[in-house]
């Protein structure tokens, strides 16, 4: 039996997703960094510095080691917008973030959770490889549609119960992904920072968990799908740049980028 694994042969991954770029991101990032958790932060470049929002100048240093992603330029309700407005909002936000960070920005979350089928069809041409919704599944499966990516839970939806269930998962025939989303300022509004502190203490620092940004999950799974496995299931060629890990007959095998690896011997 040949199974895809997460990096280093893991079968569990954790990713976080937080919107709007408000000042409370500083405290949230400090917690993530303390516990080795990685997150994706969806920012509105047209609103930088307004009210308690992070300024453009702060972005590169503050979010270092995490992913910065599109949340549109000015946070409109996108399903009400004409296509021209949608294109403008996404592309201008992407341009601004890429100018700041000097890395390709390839994902987003839908502002106000608003999207429709026509908007989704536009996204690949705008460079978007994933888009997160506000709907959640309560589960730990991989998404069927990267452009309609539903998380496990918002952090106010029984977060610690979900975390406890995730940590107890052990069946290696599955890939498990826990995906938590929210807004950092909600912890200030709800006066419940202890919830995220407890979560990070529970979820961080586990050798068996891959801690990844949203785009790292997407790119890794796409690399898995690009793997060329022989019809006889005894070797594989990896045409991508990054390594892919497989479980073959109970053994963990790394297939480095650009290499062919035999499963026997």
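Is it the case that the stretch 32-47 has a residue that's assigned by TED's automatic domain parsing to the domain that holds residue 102, within 14 Å of the chain's Cα centre (by Cα) and in a loop (DSSP other than H, G, I, E, B)? Checking the stretch 32-47: at least one residue is assigned by TED's automatic domain parsing to the domain that holds residue 102, within 14 Å of the chain's Cα centre (by Cα) and in a loop (DSSP other than H, G, I, E, B). Restricting attention to the stretch 167-186, the residues that are over 23 Å from residue 113 (Cβ atoms) and in contact with a strand residue (DSSP E or B) (Cβ under 8 Å, 6 or more places away or on another chain) add up to 5. The residues in the stretch 229-249 that are within 14 Å of residue 8 (Cα to Cα) and free of Cβ contacts under 8 Å to residues at least 24 places away in the same chain can be counted, and the count is 1.
Note on the stretch 187-205: among residues that are without any contact (Cβ under 8 Å) to a residue 60 or more places away in the chain and either out of contact with any strand residue (DSSP E or B) (no Cβ under 9 Å at 6 or more places or on another chain) or not in a helix (DSSP H, G or I) (or both), the one that is nearest to residue 22 (Cα to Cα) is 189. Mind listing whichever residues of the stretch 155-178 are surrounded by 17 or more Cβ atoms within 10 Å (Cβ to Cβ) and either in contact with a helix residue (DSSP H, G or I) (Cβ under 8 Å, 6 or more places away or on another chain) or farther than 19 Å from residue 5 by Cα (or both)? 155, 159, 162, 163, 166, 176, 177, 178 - these are the residues of the stretch 155-178 that are surrounded by 17 or more Cβ atoms within 10 Å (Cβ to Cβ) and either in contact with a helix residue (DSSP H, G or I) (Cβ under 8 Å, 6 or more places away or on another chain) or farther than 19 Å from residue 5 by Cα (or both).
Scanning the stretch 2-31 for residues that are in a loop (DSSP other than H, G, I, E, B) and at positive phi returns 20, 21. The set of residues in the stretch 91-111 that are assigned to a loop (DSSP other than H, G, I, E, B) and surrounded by fewer than 16 Cβ atoms within 10 Å (Cβ to Cβ) comprises 102, 103, 104.
Of the numbered criteria (1) in a helix (DSSP H, G or I); (2) over 22 Å from residue 162 (Cβ atoms), the one residue 232 fails is (1).
Number of residues in the stretch 48-79 that are under 23 Å from residue 31 (Cα atoms) and assigned to a helix (DSSP H, G or I) equals 7.
The values are calculated or read from the model by the stated rules, or taken from the named source; none is laboratory data. From a predicted model like this one, the values you see are computed outputs, not experimental measurements. All Cβ positions, even for glycine, are placed from backbone atoms using ideal geometry, and neighbour counts span all protein chains on display.
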